[in-house]
Amino acid sequence: MTLADALDLAGSASPNIDAADAGVRAAGAARRVAALRPNPLLNADIENVGGSRAYNEIEAPKQTVSVGVPVELGGKRSARIAVADAQGNRAQIERVVAGADLRVAVTQAYVEALAADRRLATARDQAAIAAEAVRAAHVRVVAGRASPLEEQRAEVLRISADAAVDRAARLADLARANLGRRIGRPATGALDEAWFDRVDSYGPSQLDAGSSLAVASARADEKAADAQLRLARSQRLPDVTVSAGLRRLPINNDVAAVFGVSVPLPFFNSGTSSIAQAGAERDRATALRRAAELENEQAIGQAQADVANAAAAARTAAGPSLAAAQEAARIARIGYREGKFGQLDLLEAERTLADTRSAAIDALAAFHNAQAQLDRLTASAKD
């Protein structure tokens, strides 16, 4: 299973992606709601159904039925649509952000599973080497060429190596289980070892910090805040309700037309406070956008340095250093069996080899994780 396979499986099993998709659908529904016009009003009145003096008895009442139509003024509908469009754009960016975050999480889980497999293989190799050292020490002790202390020391190292295998196996199982949770199925197959060993050139050829997801999100928030300010300004002009209806006169059952206009009087709430609030929110969004641009450039620069350092460390640890340690350990094993080297020389060579192999695995994992973080920082909102 390659990393691309894992990413494809995770995309169909991620609840975060499902949540982001639902957010996009909700924003689309909000856009349709914002474009709707106000519903008309149906009014029904009845007059002279009781009272004092001449109206103390119920006479034939006057009935009036009218329909009122609210008329929005000040561009409220277009302002609502602009707010909904800005929120829809923000939801689309959140969908891309969720995909980018998922790619980072799956890549890290995939790298950890590969590194855990490598550590387990290294532990098993060291256990096999420790067992061979016990046999070699036993031969030397039987031949009278070494003291029994060497055999006991080699046995202690073998026991420690076996315990290390058990620990590495448990960690490898955990890493596989975590990867399986991300992709929605057990990760039991072979992983891409060649990809893990490959240290390619890092980063895209040209980085555009202004098109990154962090900056795109901040700009979308700024546009949404600007649309909210426009909506607040449009709401200062009160709407007018125009009504028309019919009234039946009980005296002769004649019917008369009735027309009316209803206008709210903005005595207590003129909308200035709402405009001030929306303006402050817009200023805040603008400041956060500028801060996001600065922080994103700094983060990308740091990520590039991390990738470059990790690549150099991985090439060194997995290349010349590892080859030298393997050769030194091979010579020490041969020399120990032939009696040319002491046990301490062998143990030092084996310890150096184990440390170098572990450092190589850690360096490769660090490189791939740093590369994933850089890809996340430079991901575009258009992806």
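The values are calculated or read from the model by the stated rules, or taken from the named source; none is laboratory data. Because the structure is a prediction, the values reported are computed rather than measured. As a convention, Cβ positions derive from the backbone with ideal geometry for all residues, glycine included, and neighbour counts pool all protein chains shown. Accessible surface is based on the protein model in full, side chains and every heavy atom, while ligands, DNA and RNA are left aside. Shrake-Rupley method; radii C 1.70, N 1.55, O 1.52, S 1.80 Å.
Restricted to Cα positions, what overall size does the stretch 100-144 have along the principal axes? Three whole-Å values, descending.
If we take the Cα atoms of the stretch 100-144, the spans are 65, 8, 5 Å.
On a full-extension model of 0.36 nm per residue, what is the gain between VAL71 and ARG167, subtracting their alpha-carbon distance, rounded to one decimal in nm?
Result: 27.2 nm gained on full extension.
All other residues with a Cβ under 14 Å from the Cβ of ALA276 taken together, and with Lys, Arg as +1 and Asp, Glu as -1, what is their net charge?
+2
Report the Stokes-Einstein translational diffusion coefficient (µm² s⁻¹, integer) for the stretch 232-383, Rh taken as the Kirkwood radius over Cα pairs, at 4 °C with viscosity 1.567 mPa s.
Reported coefficient: 54 µm²/s.
Compute the label zone of ARG198 within the stretch 1-33: residues whose backbone N is under 16 Å from the point 7 Å along Cα-to-Cβ.
In the stretch 1-33, the label zone of ARG198 (backbone N under 16 Å from the point 7 Å along Cα→Cβ) covers 1-7.
Mind giving me the nanometre distance, one decimal, between the label points for ASP355 and PHE267, set 7 Å out from Cα along Cα→Cβ?
8.6 nm
Label point 7 Å out from VAL49 along Cα-to-Cβ: which residues of the stretch 240-282 have amide N under 19 Å?
246-251
From the C-alpha coordinates alone, can you work out the Kirkwood hydrodynamic radius of the chain, in Å?
28.1 Å
Between ARG247 and ASN39, what is the FRET efficiency for a Förster distance of 22 Å, r being their Cβ-Cβ separation, to the nearest 0.05?
The formula returns an efficiency of 0.40 here.
Given a 1.4 Å probe and every protein chain left where it sits, what share in percent of the accessible area of the chain is carbon and sulfur?
Answer for the chain: carbon and sulfur cover 55 percent of the accessible area.
What's the longest piece of the chain with no exposed chymotrypsin sites (Phe, Trp or Tyr not before Pro), counting a site as exposed if DSSP puts it in a loop and it has at most 10 other beta carbons within 10 Å?
1-266
Sticking with the crude label model, points 7 Å out along Cα→Cβ, report the distance from ILE331 to SER380 in nm, one decimal please.
Taking the simple label geometry, ILE331 and SER380 are separated by 5.3 nm.
Keeping every protein chain in place, order SER66, SER274 by accessible area at 1.4 Å, biggest value first, i.e. largest first.
Largest accessible area first, the residues go SER274, SER66.
To two decimal places, what compactness ratio does the stretch 117-174 give when its Cα radius of gyration is scaled by 2.2 N^0.38 Å?
Taking N as the residue count of the stretch 117-174, the ratio is 1.31.
So if I take the alpha carbon set of the stretch 129-286, get Rg, then get Rh from the Kirkwood formula, what is the Rg over Rh ratio?
Expressed as Rg/Rh, it is 1.55.
Which aspartates and glutamates have a Cα lying under 15 Å from the Cα of LYS62, excluding residues fewer than 8 positions away in the same chain?
Counting by Cα, and skipping residues close in sequence, LYS62 has these aspartates and glutamates nearby: ASP45, GLU47, ASP254.
Pop the C-beta distance of ALA323 and VAL104 into the FRET formula with R0 = 35 Å and round what comes out to the nearest 0.05.
It comes out at approximately 0.60.
In nm, what is the difference between 0.36 nm times the number of residues separating THR316 and LEU149 and their Cα-Cα distance?
Extra length available between THR316 and LEU149 comes to 56.4 nm.
Probe radius 1.4 Å, ligands and nucleic acids left out: which of LYS340, LYS76, LYS62 has the largest accessible area, and how do the rest follow?
LYS340, LYS62, LYS76
If I take R0 = 56 Å and measure r between the Cβ atoms of THR188 and ALA291 in this structure, what FRET efficiency does the formula 1/(1 + (r/R0)^6) give, to the nearest 0.05?
Efficiency at R0 = 56 Å is approximately 0.80.
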